[in-house]
Amino acid sequence: MKVETETSRVWKASHPQKPNGKTSARRDGVACKADMPLIDLRKIRRPTKTNGHRFNSKPLFPASISDSNAELTVERTNGITSDRPGNGRKLRIVILGLSITSSWGNGHATTYRALIKQLSACGHDVLFLERNLPWYAANRDLPKPPYCQLALYDTLKELKERFRAAVRDADLVVVGSYVPDGIEVGKWVIKIAQGATAFYDIDTPITLAKLESGGPDYLSPELIPGYSMYLSFTGGPTLEKLTQKYGARMARPLYCSVDESLYFPEEREIKWDLGYMGTYSDDRQPALDELLLNPARAMAEHSFTVAGPQYPRSIRWPRNVKRFTHLAPKKHRAFYNQQRFTLNLTRAHMVEAGYSPSVRLFEAAACGTPIITDYWEGLEQFFKPDHEILVATSGETVMRYLLRIDEIQRRRIGAAARAHVLNHHTARHRALELENYTLEVLKPTVSSV
């Protein structure tokens, strides 16, 4: 016997039975804006492949819009007006990160790849040092990054012996969150580095939660004042907390970003009405149940997808939900372009901290795929709700979006989000921000040269 959920009751209320047993949509079933016409997704003509090619080189819509109520117009811009590669000084940068060679089960690799690619484009020399861990060694999708030097090490002792000179002489040394033996690595870097040092926290809310409950194995409270900079994936009040409570000398946001050369709109066949990509986590699963699985159960004639590793076998996936255990980054663009809408879900610690955009937000937006997201404080700083992004608090809200947003409006939302990302959140922007932060620390040295 099936248990009727609130989601299914809303679906039935807005889709009364016809005499032939089929459902018909009813505009007064659930509240909606007057300018948001109800459509039947099954009647939408799906885009198809053209001329035997994988995609059409002509964009589905322009990079930005000048007026949300007017015709879409082209305004190709990335928010960077200078033609210079950087600020004129070539920096030697050493980054000790979790992984750049493998994106399996972590979001760090994507962030490092995009950032370092642009640092190199700005003329800087980057050496990436990665612990040779079996998990990543068995799943390397970028074993030889073309835009930086890469060195693997097996032990802390080997790291100190082989790379002492490189760390000592670098203009900037960055230690990332979740680096194995990160506390010892950090102490060593702070002790011998003659240039600027930075802790790059790609997991700031989780790090702070662990600091208050015993501490992570990659950072201690005593280390924080030792770094020249604390670069955070999270902005807002968290930066003030890092400064006032933990003594960070220079807390700055260095949000995730997108490589716009890899993420852009393509003309592909739409396979799914709503999709989600993310590694399983206990705190996100209730939101996934509510905002995707419940609508999927209620909308059996529509298609959904979930991509990501580590989901328990105990989860009962509806038949209309396509599962992918892992999608390599090179497949992400196609994945986004095959969805009518994509879902963004945020970890509990990041919701609590706010001001914590995920890389998936920027990637999906760069592809022009409209995003449905849960809400967290500071969201408006990154996207304008109802214009560039859609906020959902329940499965019923998700169904309203899927049923009442027509194709023109769907594309308009996607175009607006893409324009915003290209103007503010590309890897190029982050590289220039890091460059400016570093020169701010090195300013006395620079002025004396």
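For the range 335-354, what are the residues that are over 24 Å from Glu407 (Cβ atoms) and touching a strand residue (DSSP E or B) at 6+ places or on another chain (Cβ under 8 Å)?
Leu345, Thr346
Residues to consider are Ala365, Ala348, Ala392; find the one that is surrounded by fewer than 19 Cβ atoms within 10 Å (Cβ to Cβ), within 17 Å of Gly278 (Cβ to Cβ) and touching an Asp or Glu at 6+ places or on another chain (Cβ under 8 Å).
Ala348
So, Leu274, is that one modelled with pLDDT of 95 or more, under 23 Å from Gly368 (Cα atoms) and assigned to a helix (DSSP H, G or I) or not?
No, not satisfied.
Yes or no: the range 230-241 includes at least one residue that is basic (Lys, Arg) and closer than 27 Å to Gln194 by Cα.
Within the range 230-241, not a single residue is basic (Lys, Arg) and closer than 27 Å to Gln194 by Cα.
Picking from Gly195, Gly235, Gly278, which residue would you name as being touching a helix residue (DSSP H, G or I) at 6+ places or on another chain (Cβ under 8 Å), in contact (Cβ under 8 Å) with a residue 60 or more places away in the chain and over 21 Å from Val441 (Cα atoms)?
Among Gly195, Gly235, Gly278, only Gly278 is touching a helix residue (DSSP H, G or I) at 6+ places or on another chain (Cβ under 8 Å), in contact (Cβ under 8 Å) with a residue 60 or more places away in the chain and over 21 Å from Val441 (Cα atoms).
Please count how many residues of the range 293-329 are hydroxyl-bearing (Ser, Thr, Tyr) and under 21 Å from Ser394 (Cα atoms).
Number of matching residues: 2.
Given the conditions (1) of a type in the set (Val, Ile, Thr); (2) in contact with a Gly (Cβ under 9 Å, 6 or more places away or on another chain); (3) farther than 19 Å from Arg410 by Cβ, and given that Thr342 satisfies all but one, which numbered condition is not satisfied?
So the condition that Thr342 fails would be (3).
Determine whether the range 121-129 contains at least one residue that is within 14 Å of Pro146 (Cα to Cα), part of a helix (DSSP H, G or I) and in contact (Cβ under 8 Å) with a residue 12 or more places away in the chain.
yes
Could you check the range 165-178 and list, in sequence order, the residues that are under 23 Å from Leu231 (Cα atoms) and exposed (fewer than 15 other Cβ atoms within 10 Å of the Cβ)?
Of everything in the range 165-178, just one residue is under 23 Å from Leu231 (Cα atoms) and exposed (fewer than 15 other Cβ atoms within 10 Å of the Cβ), namely Asp169.
Six or more apart or on different chains, Cβ atoms under 6 Å: show the pairs whose first residue is in the range 383-411 and under 15 Å from Ile270 (Cβ atoms) and assigned by TED's automatic domain parsing to the domain that holds Thr342 and whose second is surrounded by 20 or more Cβ atoms within 10 Å (Cβ to Cβ) and among the acidic types (Asp, Glu).
Between residues of the range 383-411 that are under 15 Å from Ile270 (Cβ atoms) and assigned by TED's automatic domain parsing to the domain that holds Thr342 and residues that are surrounded by 20 or more Cβ atoms within 10 Å (Cβ to Cβ) and among the acidic types (Asp, Glu), the close pairs are Leu402/Asp273.
Can you tell which of Gln149, Gln244 is under 30 Å from Lys331 (Cβ atoms) and modelled with pLDDT of 95 or more?
Gln149
Assess whether His302 counts as being buried (at least 16 other Cβ atoms within 10 Å of the Cβ), part of a helix (DSSP H, G or I) and not assigned by TED's automatic domain parsing to the domain that holds Thr207.
Here the answer is no, as His302 does not meet what is asked.
If only one of Ser358, Ser303, Ser314 is farther than 26 Å from Leu254 by Cα, out of contact with any Phe, Trp or Tyr (no Cβ under 7 Å at 6 or more places or on another chain) and hydroxyl-bearing (Ser, Thr, Tyr), which one is it?
Going through Ser358, Ser303, Ser314 in turn, the sole match is Ser314.
The values are calculated or read from the model by the stated rules, or taken from the named source; none is laboratory data. Please read all numbers here as calculations on a predicted model, not as lab measurements. Neighbour counts are summed over all protein chains in view; Cβ atoms, including those assigned to glycine, are modelled from backbone coordinates with ideal geometry.
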